Each structure stands twice: as C-alpha cells, then as structure tokens.
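This report refers to the structure that appears directly beneath it.
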Amino acid sequence: MVRRRCFTIASALSLFLCVATAVLWARSYKRCDELGFVLINHKHRDKAIFLDSGLGQLGARIEMGELDDEYVPGLSYSSRPPNPRLPATTAFWARHNFSATKLKFDWMTWRRVGLPHWVVAGVMAILPTVSLRRYLKTRSQSGHCPHCRYDLTGNASGICPECGSAIKAS
Ligand SMILES: [Zn+2]
C-alpha cells in the first residue's frame, strides 16, 4: 500500500526532525546557530533567508530589497555564543519565545518569525506518535496482516493477498 508507505516515511522524517529540534534546543543555550541563503540580484530585489536557533527559540527570517556588501551570496552557516537576553519583557508571548516582527525600510523589508523549540519538536512528534499507536494497535489485532493490516479472515493460504507477506497460521 503506497499511502501507508508514504505515511511511514513521513513519520520517520518527522521523528528525525523532532530529535534534531530537541538537540538544537539543548544546544541553543550555549551556541546560536544560523543557516543562511542569500540571493543577490542587483536590482534592489535581493533576497536573504535565515534559519536560526538560539536561547530556546527557532527563527525564520526573510530580508528582501537592497542588501549591502556584508551579505555574502549563497549558502552560509555561522555559530556564535548567544547574545545576552534583552531586558526582560513582560509580554506573555515574548517571554515564552514566540515572536513575529516586520520592519520596513525604504530599501528593504525584514520579517522574522520565532517559535520555541518545544513547539516545533511537539508538532514533529505528532506523526510518529500516531504511527506508533497504529503499530501497537495492529500488533494486538489478530486476524489481520501484521504488515499491511489487511483483514485475513478465512485466509488459509498463509500469504497475505494484499501485500504478499508470509503469515503465521493462526
Ligand atoms: Zn499484508
């Protein structure tokens, strides 16, 4: 079943991203990492995309307009000690590492969205959790193919007609 295989692959990918986010989360209090991609068009239409991780927040930033010479075209990666925190804000969302900022200048627009690592890790954990629950449910269901869950009631061939797996006679 193709759909089921896609779901399994998506789950595995999601689980990987969940673990990677957790690792970045732990690391974010020691190092601030940033991955960037800069596209210079020289017609006031430069673009730069940055993904960053620092102090418990994951951020995505897009800068569009006329970028100065400090922007190196292409892919870049940098890592530095995290900046000291800004003076404590009282805003609930900001204190919990949520942020959305838009700055508009004559020559460029700057947008950034920030989310706490745990939110991203939590969302990435949904699919693997569903997958695991399905798997456990399948295992406990007798009379079904353990590989594709096809109903094997009355099947005496010892082979699943849906996916062709050999099955133990019950
Ligand atoms: Zn099967």
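The values are calculated or read from the model by the stated rules, or taken from the named source; none is laboratory data. This one's a predicted model, so the numbers in the text were calculated from it and none came from an experiment. Methodologically, a virtual Cβ is constructed for each residue, glycine included, from the backbone with ideal geometry; neighbour enumeration extends over all protein chains shown.
Laid out as a table, the results:
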{"item": "ARG139 vs. criteria assigned to a loop (DSSP other than H, G, I, E, B), within 14 Å of the ligand (Cβ to nearest atom) and surrounded by 10 or more Cβ atoms within 10 Å (Cβ to Cβ)", "result": "no"}
{"item": "Out of VAL72, VAL130, sole residue that is away from the ligand (no atom under 16 Å from the Cβ), touching a residue at least 12 places away in the same chain (Cβ under 8 Å), loosely packed, with under 14 Cβ neighbours inside 10 Å and assigned to a loop (DSSP other than H, G, I, E, B)", "result": "VAL72"}
{"item": "Selection from segment 119-170 of residues that are among the charged types (D, E, K, R) and more than 30 Å from LEU58 (Cα to Cα)", "result": "ARG134, LYS137, ARG139, ARG149, ASP151, GLU162, LYS168"}
{"item": "Pair list, Cβ under 8 Å, 6 or more apart: segment 146-158 residue within 26 Å of LEU132 (Cα to Cα) and of a type in the set (S, T, N, Q), other residue part of a loop (DSSP other than H, G, I, E, B) and more than 8 Å from the ligand (Cβ to nearest atom)", "result": "THR153/GLY143"}
{"item": "Residues that are assigned to a loop (DSSP other than H, G, I, E, B) and either on the phi > 0 side of the Ramachandran plot or at pLDDT 80 or above (or both), drawn from segment 142-157", "result": "GLY143, CYS145, HIS147, CYS148, ARG149, TYR150, LEU152, THR153, GLY154, ASN155, ALA156, SER157"}
{"item": "Residue list for segment 158-170, restricted to those being modelled with pLDDT under 85 and of a type outside the set (Gly, Ala, Ser)", "result": "ILE167, LYS168"}
